[in-house]
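Take a look at the structure set out below.
The values are calculated or read from the model by the stated rules, or taken from the named source; none is laboratory data. Just so we're clear, the structure is a prediction, and the values are computed from it rather than from any experiment. Counting neighbours? That spans all protein chains shown, and the Cβs are built from the backbone with ideal geometry, glycine included.
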Amino acid sequence: MLPRMRFINKIRQSIAKRFYRIPLVARISAAQFHRSYYYSIEKTWGNTSWLGVPLLKCPLDLWVYQEILYDLKPEFVIECGTNRGGSAFFMAGIFDLICKGRIITIDIEDLKADYPTHERVEYLIGSSTSPEIVKRVKSIIGDAGPVIVILDSDHSRDHVMAELMVYSEIVTHGSYIIVEDTNLGGHPVCPAQRPGPMEALRDFLKTNDSFEIDHSRTKYMLTFNPNGYLKRVS
């Protein structure tokens, strides 16, 4: 290892030790900043774009996404919840850089006129849990892998749970199903929006031991998906 990298690693280890000595203070501070950041929507995540396309996500989560895409180099990402197509467009750009990967993105609203076009992105219109859409997704991906799934459509507990039951079977071993916006329902924002994704996630894990929470993917402290990075381990 180069001397510079040894030095950097020592600094990282020192910071980590100091941080874990005050976990409660760190959690409280992170939650306070999280709420301040989230509710300043017009100045922060609500005013975010990728190459001119609106992208309603926390930039720190986007950075984690590109790390996951590079690490796994998946054949497919299945995205439930297209919105304006910004996140699909973002991931397509990462796939261009690693020369691999396609995105299937699903939304119940047909906003195709506003969607960015990219050869790696396929847009499906319909409910993510409808038999027709699920059949179409399975026919596209076939036996390909790795496969990542991102859940970002209807954030009610029942719908997220239905998506988890369907798409957890499609996620390949060692890959992820990412439950977005688990910060809703008071975790720590929007307490009135409960039960939501976090409650669905917890119920899912009670009956499914094929997945576990990968806490390493929330290393930046601020994430809209706390506990939401579920890795398939069996």
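Data table
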| item | result |
| --- | --- |
| Residue that is out of contact with any Gly (no Cβ under 7 Å at 6 or more places or on another chain) and without any contact (Cβ under 8 Å) to a residue 40 or more places away in the chain, where the choices are G145, G93, G126, G174 | G126 |
| Selection count where residues are out of contact with any helix residue (DSSP H, G or I) (no Cβ under 9 Å at 6 or more places or on another chain) and either more than 17 Å from I148 (Cβ to Cβ) or not assigned by TED's automatic domain parsing to the domain that holds L55 (or both), scope the range 191-231 | 9 |
| Residue among V137, V149 that alone is farther than 25 Å from F224 by Cα and buried (at least 19 other Cβ atoms within 10 Å of the Cβ) | V137 |
| Lone qualifier among A113, A92, A30, A88 - being surrounded by fewer than 17 Cβ atoms within 10 Å (Cβ to Cβ) and assigned by TED's automatic domain parsing to the domain that holds V149 | A113 |
| Among (1) touching a helix residue (DSSP H, G or I) at 6+ places or on another chain (Cβ under 8 Å); (2) within 24 Å of S234 (Cα to Cα); (3) crowded, with 19+ Cβ neighbours inside 10 Å - the single one I106 does not satisfy | (2) |
| Looking only at the range 162-189, and only at residues there that are of a type in the set (A, V, I, L, M, F, W, C) and outside any loop (DSSP other than H, G, I, E, B), the one that is surrounded by the most Cβ atoms within 10 Å (Cβ to Cβ) | V179 |
| All positions within the range 65-82 that are of a type in the set (S, T, N, Q) and surrounded by 21 or more Cβ atoms within 10 Å (Cβ to Cβ) | T82 |
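Conditions (1) of a type in the set (D, E, K, R); (2) more than 30 Å from R35 (Cα to Cα); (3) assigned by TED's automatic domain parsing to the domain that holds E212, marked per residue:
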| site | (1), (2), (3) |
| --- | --- |
| E109 | yes, no, yes |
| S128 | no, no, yes |
| R136 | yes, yes, yes |
| D152 | yes, no, yes |
| D181 | yes, no, yes |
